[in-house]
Amino acid sequence: MPNAEAVLTERERATLAVLCDAFHPSLSADSRNGDDPLLFSTSASALGVPRAAERAIGLLPREERGELRRLLRLLDSAVGGLVIGKAAGVTKMNVEERERLLRALSVHRIGRLRQGFQALKRLSSFLYYSVVDTRGENPIWPAIGYAPSSQPPAGASTIRVLKYDASTTIDCDVCIVGSGAGGGTVAGELATRGFRTVLLEAGPGDQAPQFTQRELEGVQSLYYQAGLAASSDLSVAILAGACLGGGTTVNWQTCLRTPDYIRDEWAERSKCELFTSERFTQALDHVCRRLGVSSDESDVNPNNEPIRRGCEALGYSWEVIERNSRGCDCTQCGYCTFGCRIGGKQSTVATYLPVMQRGRTSSIITKCRAERILIERGRAVGVLAATKALDGVIENIEIRAPTVVVCAGGLESPALLQRSGLSHSALGENLYLHPTSAVAGLYPNRIEPWNGPPQTILSGHFSRVDGNFGYRLEAAPAHPGLLALAAPWTNARSHRMLMQRAAHVSATIALTRDATGGRVRSRRDGGVTIDYAIGRREQALLARGIESATRVQFAAGAEEVHTLHASGPVLKRSAPDVEAFARRILAEPVAANRCTVFSAHQMGTCRMGRERRVSVCDENGAVYGVKGLYVADASLFPASSGVNPMITVMALAKCVASTVVEQVSTGR
């Protein structure tokens, strides 16, 4: 990690510390409320949160880091103080004034100020509940009922990875960029056909023995941009895998086939017969067999059970989720969002990538970022990549290959093609995110939302309430940092009181299928700008999803239901006017940082279609205008999938791999 001393100036560092303590100060414990003395008296500074926050800021791309530093300077100026009518910066305010400032920022009419509030609230809250000492513990965990992973014995590493510390050139038949659902599948398929392949993975090569299953380390080492990625206005927090196995290493194991109505719609939109073909059906079948998809290990834990119970009470349909689980250990399920230690999660690391290495003619290079595709006379001839040597010097790795398959995900695949000089009109456009929010049901019994199989029950009752658009209700495995990041912060005490009951929370998400796309742009500093505004149609669906999730949790017996709106609405069993609360929720704004919204699915930015004018790739995944260049990940989607996309991605990747085999074999 970067040296914290080099990230901020002394004044910025002091401002950051004051703000972290304003969000999470030392508070007096009220024994009448059952307040835990240690939890309430422990400030952010006492846990080392400001120092950890500075290190995290150092992990941000240069542009985002610069924006945060400007925010810190603004809030410690007289101009920042004017938000509450005080001509002084935050370091000159008293405790009450600082809290008043933060509250004013959270609901301010100026969007940039709400954005700044969210940046600081998410960062400080996540770290307060996830930062650890030298023993890998956080002293307040017992007070909120959190038990970290017991770290069961880890299985052996199954994949041999290479890490280069000097510039070199490598020759192969096919270079694959990315090792997740798309890249891992392509690599495995090509290896069985005898191709010499090189797979580049920008993230680390961590496998079972390296997974500590601690939230902070897991997020910062295995997730895209160390878990800090977001849309340019911060209104949508982005969760994506950035490690060996990509999203398949950290996802929640939900395996949903592409719905038939989506296949029909995609075929009509793209004019690609593939989506309704028997070939695609067989690819879906193959992937499900390869991953061992079934409901055999879909045990319903207390975090998933309220969806079933609430839906039955309300007459909503629900189903048990099929998952890529084979021989999982329930003592580590739920912690596998930070890497499975026993190989039960059937990720690409456990399935497709081992096949790639059996013949010893292929290799995987980790911590190696593809900078651009090498193109000569309209044909891909390889990839220029960069890696950091032990001495910190950036070294170039040149892969010479007549065929390149880009599988870097819905954000990085279009950025790589842009850096390579491609300028298709649709490149980077049509970004779909499945905007998702959640509700937290509080129960008298312990739920432990971090424990057990992540997702085993869903409701698709509302999946088509607006044509082919709607939302699905699913459970969200939630560790303390994620809970604290998502929960509304109206003042320090109320946030602490909610987190004190973290072990009693059941979290239900409303995952919305979006029709309004955003875009991805590659920046000169190497970063990626994600422009995405939740459209009006999506806002209405998301509000309805939050309302439905609230009804489900309340019908399941929750004592309280909290939504993630900045205003902090709560439905209580002691005042159970569900209809009045539902009306309020439907009226509460969900866009522009007025409600916590996530995305774990990024799709559509290199979409396939038969019309070159509105597509980047043809129906075989081949990039228009460049021979030998393919895409095989969620960026191919003609529109959002409406369901967790892993199975769809892998089926598409298998189809693309078959095309590559055919065209390379015939010399086309």
**Prompt:** How about segment 267-355: which trypsin sites (Lys or Arg not before Pro) there are in a DSSP loop, with at most 16 other Cβ atoms within 10 Å of their Cβ?
**Reply:** Lys271
**Request:** Using only Cα atoms, locate the centre of segment 195-274 and the centre of segment 500-551, then give the distance between them in Å, rounded to an integer.
**Result:** 16 Å
**Request:** Just flag the trypsin sites (Lys or Arg not before Pro) in segment 511-605 sitting in loop per DSSP whose Cβ has no more than 16 other Cβ atoms within 10 Å.
**Result:** Arg523, Arg524, Arg573
**Request:** Compute the signed sum of charges (Lys and Arg +1, Asp and Glu -1) over the other residues within less than 14 Å, Cβ to Cβ, of Lys121.
**Result:** +4
**Prompt:** Taking the radius of gyration and the Kirkwood hydrodynamic radius from Cα positions alone, what is the Rg/Rh ratio for segment 39-194, to two decimal places?
**Reply:** 1.14
**Prompt:** About the Cα centre of the chain, what is the dipole size in debye to 20, counting +1 per Lys and Arg Cβ and -1 per Asp and Glu Cβ, all else neutral?
**Reply:** 1060 debye
**Asked** Rounded, prolate or oblate: which fits segment 445-567, taking a ≥ b ≥ c as square roots of the Cα gyration tensor eigenvalues, rounded meaning a/c under 1.5, else prolate when a/b beats b/c?
**Response** oblate
**Net charge, Gln253 excluded, C-beta distance under 13 Å - Lys, Arg +1, Asp, Glu -1** = -2
**Loop sites in segment 55-135: trypsin sites (Lys or Arg not before Pro), DSSP, at most 10 other Cβ within 10 Å** = Arg109, Arg135
**Message:** Run the helix sum for the chain: -39,500 (n - 2.57) per DSSP H stretch of 4+ residues, divided by residue count, reported at 222 nm to the nearest 500 deg cm²/dmol.
**Reply:** -10000 deg cm²/dmol
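Of Lys121/Lys163; Lys163/Lys627; Lys163/Lys271; Lys271/Lys627; Lys367/Lys654; Lys367/Lys627, which sit over 32 Å apart, Cα to Cα? Numbers along the way, then the final one.
Numbers: Lys121/Lys163 36 Å; Lys163/Lys627 29 Å; Lys163/Lys271 42 Å; Lys271/Lys627 21 Å; Lys367/Lys654 25 Å; Lys367/Lys627 27 Å.
Over 32 Å Cα-Cα: Lys121/Lys163; Lys163/Lys271.
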**Prompt:** Can you give the angle from 0 to 90° between the axis of helix 95-106 and the longest principal axis of the chain, with both taken from C-alpha atoms, to the nearest 10?
**Reply:** 40 degrees
**Item:** Separation between Cα centres of segment 404-477 and segment 13-86, rounded to whole Å
**Value:** 30 Å
**Prompt:** How large is the dipole of segment 1-143 about the Cα centre if only Lys and Arg carry +1 and Asp and Glu carry -1, each at its Cβ, rounded to the nearest 20 debye?
**Reply:** 620 debye
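Determine the dipole magnitude for segment 595-668: charges of +1 sit on the beta-carbon of Lys and Arg, -1 on that of Asp and Glu, nothing else is charged, the reference point is the Cα centre, and the result goes in debye to the nearest 20.
Its charge dipole is roughly 160 debye.
Bear in mind these aren't lab numbers, they're just calculated from the coordinates by the rules spelled out. Remember, predicted model here, so these are calculated numbers, not experimental data. Because the Cβ atoms are built from the backbone with ideal geometry, glycine has one as well, and the counts that use them run over all protein chains shown.
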